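Encoded as structure tokens, the structure appears first; notes follow it.
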Amino acid sequence: MTQPQHTGGRVNVLTKPEVIGTIEELRSRLTDAQGRLESERAGRGDAGGTPRIVLVPTMGALHAGHLTLVRRALSLGDIVVVSIFVNPLQFGAGEDLGTYPRTLEADVAALAAEGVPFVFAPVSQVMYPEGAASTRVTAGTVGSLFEGAARPGHFDGMLTVVAKLFNIVGPDVAVFGQKDAQQVFLVERMVADLDFRTRIEVLPIVREDGGLALSSRNRALEPAQRAAARALSAGLAAAASVADQGSEAALLAAHARIDAQPLVKLDYLVVVDPQTFLPVGALHHGPARMLVAALVGHTRLIDNVALDLP
């Protein structure tokens with residue numbers, strides 16, 4: 001196993017991260033890493049305080065969007081942990097838990113190239129030793145809307161595992177992507193409601209050249225489906241271009257682009273208030289966010305864009 005090195009006040013690795021599968025070992029290694037960094041700082045006469053831990057929670061099958069989060073994490077703290085865990089609690093009956101891509105070896109290689117020191121890759125029995133967790137975080141009303149309506153219980157499962165990861169890792173910062181806008185809203189609300197000390201950093205959506213938001217599920221798209229899926233980002237761009245005319249104009253513009261693509265089966269297209277994540281009325285003024293979800297073939301895709309309504 002490659003041992004982390006400490007250069008420039010941050011933990012780095014020579015060849016590959018330590019892949020850790022148990023909670024006890026991860027906590028021990030993080031404590032050791034923090035202690036070594038503190039000793040090195042003391043030896044240099046630095047007074048930098050406790051080394052900062054940054055967490056990037058993922059379900060693996062990493063793509064360029066994930067690596068953007070990782071690079072930001074490396075710039076924010078001293079010790080970076082990337083978790084890779086396909087969380088069964090956030091998959092409902094008939095969803096793709098069994099077929100969700102699992103590419104741990106390739107993921108670790110990609111993280112090694114970025115200089116990530118620690119990968120937490122537990123199995124379900126480690127995270128849920130008694131089976132499905134009986135104590136869960138609930139997402140409330142917002143958790144039953146949009147993605148929550150299509151995937152009942154999804155957000156309760158997501159918040160539960162994020163809360164567990166925060167308690168296991170103890171990060172000062174956790175980095176998320178804006179593509180999962182409803183997830184980000186719920187995580188930020190959970191952090192505020194439950195007084196986690198973790199700060200949430202949210203990065204913009206990373207897109208392919210044609211505008212399609214990067215997702216681990218994109219690899220399931222056939223070429224014609226991938227081309228069709230670009231209608232989602234095109235619809236959002238059309239909405240943003242007329243947002244100065246109000247939410248109804250934005251919705252009409254987005255529908256015109258998305259509904260014209262027969263391979264795209266729209267689930268929802270809605271404008272929400274970013275403060276409440278509830279749908280806005282026609283008279284809403286100020287910041288808003290348009291959300292879209294659709295099936296392209298058997299692949300469910302989501303996307304969103306910020307709007308500024310007059």
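The values are calculated or read from the model by the stated rules, or taken from the named source; none is laboratory data. Only a predicted model underlies this, so the values are computations on that prediction, with no experimental measurement involved. Cβ placement follows ideal geometry from the backbone for every residue including glycine, while neighbour counts extend to all protein chains displayed. Each accessible area value is taken on the protein alone, full model and side chains, heavy atoms only, with ligands, DNA and RNA left out. Shrake-Rupley method; radii C 1.70, N 1.55, O 1.52, S 1.80 Å.
Points worth noting:
- Listed residue (ALA110, LEU30, LEU186) projecting farthest to the positive dipole end of the chain, Cβ model: ALA110
- Calculated from backbone phi, Karplus (6.51, -1.76, 1.60) coupling profile of segment 244-254 in Hz, x at Gly/Pro: 5, 9, x, 5, 5, 5, 5, 5, 4, 5, 5
- Partner lysines for LYS265 [C-alpha distance under 25 Å; skip if fewer than 8 residues away on the same chain]: LYS179
- What you get for the chain, charging only the Cβ of Lys and Arg (+1) and of Asp and Glu (-1), is a dipole of about 340 debye around the Cα centre.
- Centroid-to-centroid, using Cα positions, segment 20-73 and segment 292-310 are 33 Å apart.
- Close amide H contacts of VAL280 (hydrogens built in the peptide plane, cut-off under 5 Å, sequence separation of 5 or more or a different chain): VAL271, VAL272, ASP273.
- In the chain, helical runs assigned H by DSSP with n ≥ 4 each contribute -39500 (n - 2.57); averaged across all residues and rounded to the nearest 500, the mean residue ellipticity at 222 nm is -11500 deg cm²/dmol.
- 3J(HN,Hα) along segment 36-46: 5, 5, 4, 5, 5, 5, 4, x, 8, x, 7 Hz, from the Karplus curve 6.51 cos²θ - 1.76 cosθ + 1.60 with θ = phi - 60°, whole Hz, x for Gly and Pro.
- Accessible area per residue for the chain is 45 Å², calculated with a 1.4 Å probe on protein heavy atoms, without ligands, DNA or RNA.
- P(r) tail fraction, segment 97-196 - alpha-carbon pairs more than 22 Å apart, %: 41
- Over all pairs of different C-alpha atoms, segment 18-60 has a mean inverse distance whose reciprocal, the Kirkwood radius, equals 12.0 Å.
- The Rg/Rh ratio for segment 173-238 is 1.11, where Rg is the radius of gyration of the alpha carbons and Rh is the Kirkwood radius.
- With the simple model of a label 7 Å out from the Cα in the direction of the Cβ, LEU203 to ARG136 spans 3.0 nm.
- Rg/Rh (Cα only; Kirkwood hydrodynamic radius) as it applies to segment 260-310: 1.06
- Panel note: the C-alpha atoms of segment 23-148, placed on their principal axes, show extents of 57, 31, 29 Å (largest first).
- Amide H contacts of ASP267: ALA293, ALA294, LEU295, each under 5 Å away and 5 or more positions distant or on a separate chain (H built 1.01 Å from N in the peptide plane; Pro and chain starts excluded).
- Residue-span extension gain [GLU24 to ASP259] - 0.36 nm each, minus C-alpha spacing: 79.5 nm
- Taking only Cα atoms of segment 37-99, radius of gyration then Dmax in Å: 17.2, 58
- Only protein heavy atoms count here; on that basis, with a 1.4 Å probe, LEU194 has an accessible area of about 100 Å².
- Solvent-accessible surface ranking, highest first, for SER134, SER247, SER39 at 1.4 angstrom: SER134, SER39, SER247
- Element breakdown for the chain at a 1.4 angstrom probe: carbon and sulfur atoms account for 53% of the accessible area.
- Computed Kirkwood radius, in angstrom, where 1/r is averaged over Cα pairs of the chain: 20.7
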